[in-house]
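Peer 1: One structure coming up, written as structure tokens, with questions to follow.
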Amino acid sequence: MGVDVVLYRAVVVGSDRRRLVPAEVLPDPDDVLLNLVRCVRGTGRTPLLDRVDPVGELVVPADQAPQLLAEVRCLAEVARSTPELTHVRRLDRLARRCRQDRAMEIRFEGD
């Protein structure tokens with residue numbers, strides 16, 4: 001029951017409609033992200049990540065990407081194994097892409 005991270009791009013369709021298109025997916029089949037989030041939850045340093053729900057969805061728009069990047073650093077502090085470190089690096093890259101493009105958002109999608 002992992003939490004996948006999906007970077008979406010908003011694409012204008014027609015005159016006023018917008019559609020979200022997945023740009024990149026960071027799957028979490030082994031609960032790596034979920035376990036890291038549990039390690040930092042409730043410390044007061046990760047208010048966005050504290051809201052990650054293993055069965056729900058958390059939307060982080062581009063304007064909140066700087067806050068997400070700060071919280072990803074907290075995950076990096078507790079990451080120990082190679083899979084954990086790799087996952088944190090990939091999440092950091094997604095958050096940086098999101099920060100650079102206002103048409104993007106990140107969604108943490110639970111099972």
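The values are calculated or read from the model by the stated rules, or taken from the named source; none is laboratory data. Because the structure is a prediction, the values reported are computed rather than measured. Every residue, glycine as well, gets a Cβ built from its backbone with ideal geometry; the counts of neighbours run over all protein chains shown.
Peer 1: So, in the stretch 1-30, of the ones that are of a type in the set (Asp, Glu) and surrounded by 15 or more Cβ atoms within 10 Å (Cβ to Cβ), which residue ends up nearest to the chain's Cα centre (by Cα)?
Peer 2: Asp4
Peer 1: To continue, here is another question. Among the candidates Val40, Val32, Val13, single out the residue that is aliphatic (A, V, I, L, M) and in contact with a His (Cβ under 6 Å, 6 or more places away or on another chain). Steps first, please.
Peer 2: Values: Val40 fails: in contact with a His (Cβ under 6 Å, 6 or more places away or on another chain); Val13 fails: in contact with a His (Cβ under 6 Å, 6 or more places away or on another chain).
Being aliphatic (A, V, I, L, M) and in contact with a His (Cβ under 6 Å, 6 or more places away or on another chain) holds for just one of Val40, Val32, Val13, which is Val32.
Peer 1: Given the residues Leu85, Leu91, Leu69, which is the only one that is out of contact with any strand residue (DSSP E or B) (no Cβ under 7 Å at 6 or more places or on another chain) and either within 14 Å of Cys39 (Cβ to Cβ) or touching a residue at least 60 places away in the same chain (Cβ under 8 Å) (or both)?
Peer 2: Exactly one residue qualifies, and that residue is Leu85.
Peer 1: Restricting to the stretch 61-73, count the residues that are in a helix (DSSP H, G or I) and surrounded by fewer than 18 Cβ atoms within 10 Å (Cβ to Cβ). Break it down stepwise before answering.
Peer 2: As a first pass, look at the stretch 61-73 and keep what is in a helix (DSSP H, G or I): 62-73.
Of the ones still in play, those that are also surrounded by fewer than 18 Cβ atoms within 10 Å (Cβ to Cβ) are 63-64, 66-67, 69-70, 73.
Here the count works out to 7.
Peer 1: Does Pro83 meet the test of being surrounded by fewer than 15 Cβ atoms within 10 Å (Cβ to Cβ) and of a type outside the set (A, V, I, L, M, F, W, C)?
Peer 2: Here the answer is yes, as Pro83 does meet what is asked.
Peer 1: I'm trying to understand the selection: among the residues of the stretch 18-60, which are closer than 13 Å to Val88 by Cα and either assigned to a loop (DSSP other than H, G, I, E, B) or among the basic types (Lys, Arg) (or both)?
Peer 2: Pro27, Asp28, Asp31
Peer 1: Any residue in the stretch 11-26 that is under 24 Å from Glu84 (Cβ atoms) sitting within a Cβ distance under 7 Å of a residue that is among the acidic types (Asp, Glu) and modelled with pLDDT of 95 or more? List the pairs, counting only those 6 or more apart or interchain.
Peer 2: Val25/Asp4; Leu26/Asp4
Peer 1: Within the stretch 90-103, which residues are exposed (fewer than 13 other Cβ atoms within 10 Å of the Cβ) and not in a loop (DSSP other than H, G, I, E, B)?
Peer 2: Within the stretch 90-103, Gln100 is the sole residue that qualifies.
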